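All remarks here apply to the structure that follows.
Here, each number is a calculation from the coordinates, and none is a lab measurement. Quick caveat: nothing in here was measured; it's all calculated off a predicted structure. Every residue, glycine among them, receives a Cβ derived from its backbone with ideal geometry; neighbour counts consider all protein chains shown.
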Amino acid sequence: MSDLPQLTAGICTRINDNVREDDQLFNIQPTVQLLSFKKIPPTSGPTQDRYRVIVSDGEHFLQSMLATQMNYIVEEDQIAKGTIATIEKFSVNLVQGKRLLIILALKVLVKHAEKIGSPKALQPRGEDGAPASAPVTPGPSTSTTPAAAAVPARQQTQAGRGGRAAAVYPIESLSPYQTHWTIKARVTNKSDIRTWSNQRGEGKLFSVTLMDESGEIRATAFNAAVDELYDRLQDGKVYLISKAKVNLAKKKFSNVNNEYELTFERSTEVEECHDATDVPTVKFNFINISSLQDVAKDSTCDVIGVVKDVSELSSITSKATSKVIPKRELTIVDRSGYSVRMTLWGKQAEQYDENDHPVIAFKGAKVGDFQGRSLSMMSSSTMHVNPDIPEAHALRGWYDAAGADQQFQSHTGTMVSGGGITFDRAEIRNLNDVKVSELGMFDKPDNFCARATIMHIKSDNISYPACPTTGCGKKVLQMGESWRCEKCDKSFPKPEHRYMVAMAVSDYSGQAWFQGFNDVGQTVFGMTADELVEIKDREELQYNTVINASIGKTFNFTCRAKQDTYNDQTRVRYGISRILPLSYREEAKYLADLLLTSDWAR
DNA sequence: CCCCCCCC
């Protein structure tokens with residue numbers, strides 16, 4: 001017969017039926033066949049790529065996700081359709097009421113193999129092995145299915161206190177639904193002890209970032225826990241940690257890539273672990289400098305780049321505290337062809353002394369909107385000069401070979417009109433409120449967020465012939481056979497059409513007219529204005545079909561309300577500075593987070 | 001339970 005490794009019979013059914021108390025399941029290292037794998041498009045913002053993998057045990061198949069630290073196995077072409085592999089470590093999460101296998105470690109046995117058997121789909125199962133409820137649809141009166149309840153992997157056991165064996169869980173599997181766990185994690189980024197004093201009281205705190213090969217999580221100790229743990233937790237060392245509280249992380253303040261954070265309590269157990277070879281040292285989640293435009297102001301991110309320029313040391317006076325603070329600006333560039341300014345503060349600014357265009361990795365840098373986009377160091381940010389990581393070596397090679405002579409695009413002018421305020425669900429105003437609040441009625445424009453549905457599009461004039469020069473976009477006039485741009489003082493054989501759309505939008509409270517430019521039209525119609533004009537010239541009926549297809553679509557908007565005088569009439573116009581298609585996943589997640597974070601829901 | 005992180 002065949003020399004192929006045996007697939008672990010029945011494992012798909014078993015994972016699918018697993019109830020939370022099933023301890024034995026996670027001791028298995030099943031051998032499966034990978035039927036297919038596919039990159040999942042990110043739902044929003046610059047996140048790491050994720051891969052979906054269909055695994056089969058020969059009888060049934062099951063959908064799974066690769067944990068991001070396993071992405072390399074796809075990206076380095078180590079697996080193929082039909083690959084037979086052993087899942088060395090996994091967990092099972094409940095996602096939207098369905099069980100989802102998460103592959104944390106995978107060993108390839110045979111890369112190329114024929115499909116084994118005729119595996120069949122399994123009936124989706126819910127939290128307790130019961131058939132899953134119907135998919136969640138967002139709306140005011142939906143049922144409350146838990147967003148994600150994790151069933152963690154037992155990756156290994158370790159002798160805990162009192163000789164009792166304690167399961168070691170990957171950080172990635174921690175969640176508020178999980179109570180008895182131990183993690184084995186390296187401490188990084190240990191802060192100084194800080195004190196605070198406000199209306200709610202006063203106290204002291206310090207925090208650390210904990211990481212293992214599955215991910216990282218921020219942990220904070222307050223008051224008595226500070227006395228207990230500050231000296232015992234040392235930067236760079238590895239500990240077994242248990243009995244800390246898992247809370248939802250407030251994204252606004254978090255620079256680590258985790259939905260949750262830990263609070264150390266006096267009862268939290270911390271034990272140094274000397275067998276630490278399997279625990280990584282620093283984890284980055286780099287984004288390209290070009291992608292900064294998609295990252296919200298005030299969020300944090302990891303960036304790696306070459307220092308193109310260094311400013312002299314200077315200083316600023318803080319408006320809040322009147323303190324004089326030293327600062328230094330670095331200009332960093334990467335292969336995306338963009339540059340961005342990074343501000344160092346205080347001692348770090350004074351002591352910076354690198355001359356030869358080093359590669360620097362920044363972790364937890366704060367995103368600002370000065371000149372489009374800017375970066376700045378915070379107390380929780382870290383800087384790593386010429387780190388010994390593949391990304392750094394690649395950048396070094398690129399810069400020395402080509403990058404040094406390249407021109408770089410700054411973020412100035414690349415941000416959407418309206419100052420780049422980002423969409424924030426917590427700030428949504430209803431349209432009636434926008435009107436009665438008289439937004440934009442005074443001397444300066446007002447930005448606001450709205451969620452509204454397109455009711456009508458003024459279809460007779462949705463675009464204009466524009467100058468094709470990058471960054472110009474001014475209207476051009478036909479002069480005989482060519483099109484002339486006054487601003488560029490140039491003529492072109494044909495124009496580039498750009499959208500200028502007026503649309504009536506509604507929400508539950510009322511309606512308004514919004515004006516959108518080119519990016520808005522492209523999002524709404526799903527094609528360029530050139531393409532749509534071509535359709536209109538060729539087939540008016542099809543053009544109407546395209547326009548009508550946008551009616552009834554709902555979007556999240558960021559708008560700019562501004563007074564405008566035209567033909568002696570003064571009125572407020574609402575310009576769309578940002579349009580985002582609704583992501584049901586994001587909307588539902590926002591509502592679920594509200595439930596978890598609001599006091600009245602406890 | 002902090003959450004300030006600066007200026008132009």
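Summary table
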item: Candidate aspartates and glutamates for bridging to A:LYS107, where Cα separation is under 13 Å - those fewer than 8 sequence places away on the same chain excluded; result: A:GLU88
item: Computed label-point distance, nm, for sites A:LYS204 and A:ASP192 using a 7 Å Cα→Cβ extension; result: 1.3
item: Neighbour-limited loop hits for trypsin sites (Lys or Arg not before Pro), the range A:167-237 (at most 13 other Cβ within 10 Å; DSSP other than H, G, I, E, B); result: A:ARG200, A:ARG232
item: Once exposed loop GluC sites (Glu not before Pro) are cut out (DSSP; at most 14 other Cβ, 10 Å), longest piece of chain A; result: A:115-311
item: Rough spin-label spacing in nm, given labels placed 7 Å along Cα→Cβ, for A:ASP227 and A:THR565; result: 6.9
item: Anisotropy class of the range A:289-405 from Cα gyration tensor, a/c 1.5 cut; result: prolate
item: Nearest-20 debye value, the range A:289-405 charge dipole, Cβ charges on Lys, Arg, Asp, Glu; result: 540
item: Between helix A:390-401 and chain A: long-axis angle, C-alpha atoms, 0 to 90°, nearest 10; result: 40
item: Length added when fully stretched, A:GLN234-A:ARG266, from 0.36 nm per residue minus Cα-Cα; result: 9.8 nm
item: Shape category assigned to the range A:165-272 from the gyration tensor of Cα positions, a/c cut at 1.5; result: prolate
item: Unmatched cysteines, chain A - criterion: no other Cβ of a Cys under 4.7 angstrom; result: A:CYS12, A:CYS273, A:CYS301, A:CYS449, A:CYS559
item: Full-stretch length increase - A:ASN548, A:ASP405 - with 0.36 nm per residue and alpha-carbon distance subtracted; result: 46.6 nm
item: Those aspartates and glutamates that a straight Cα-Cα span of less than 13 Å connects to A:LYS562, excepting residues fewer than 8 apart in one chain; result: A:GLU438, A:ASP443, A:ASP446
item: Size descriptor, Kirkwood hydrodynamic radius, that averages inverse alpha-carbon separations across chain A, Å; result: 27.9
item: When each of A:LYS363/A:LYS474; A:LYS308/A:LYS494; A:LYS120/A:LYS250; A:LYS297/A:LYS435 is checked by Cα-Cα distance, pairs over 30 Å; result: A:LYS363/A:LYS474; A:LYS308/A:LYS494; A:LYS120/A:LYS250
item: Cα-Cα over 18 Å, subset of A:LYS487/A:LYS536; A:LYS245/A:LYS366; A:LYS81/A:LYS115; A:LYS89/A:LYS245; result: A:LYS487/A:LYS536; A:LYS245/A:LYS366; A:LYS89/A:LYS245
item: Using alpha-carbon coordinates, inclination of helix A:529-538 to the longest axis of chain A, degrees; result: 60
item: Residue among A:SER339, A:VAL385, A:SER322 farthest towards the positive dipole end of the range A:289-405, charges placed on Cβ; result: A:SER322
item: Among A:ILE116, A:GLN78, A:ASN548 the positive-end extreme of the charge dipole of chain A (Cβ point charges); result: A:ASN548
item: Computed [θ] at 222 nm, helices only, for chain A once each DSSP H run of length n ≥ 4 contributes -39500 (n - 2.57); result: -4000 deg cm²/dmol
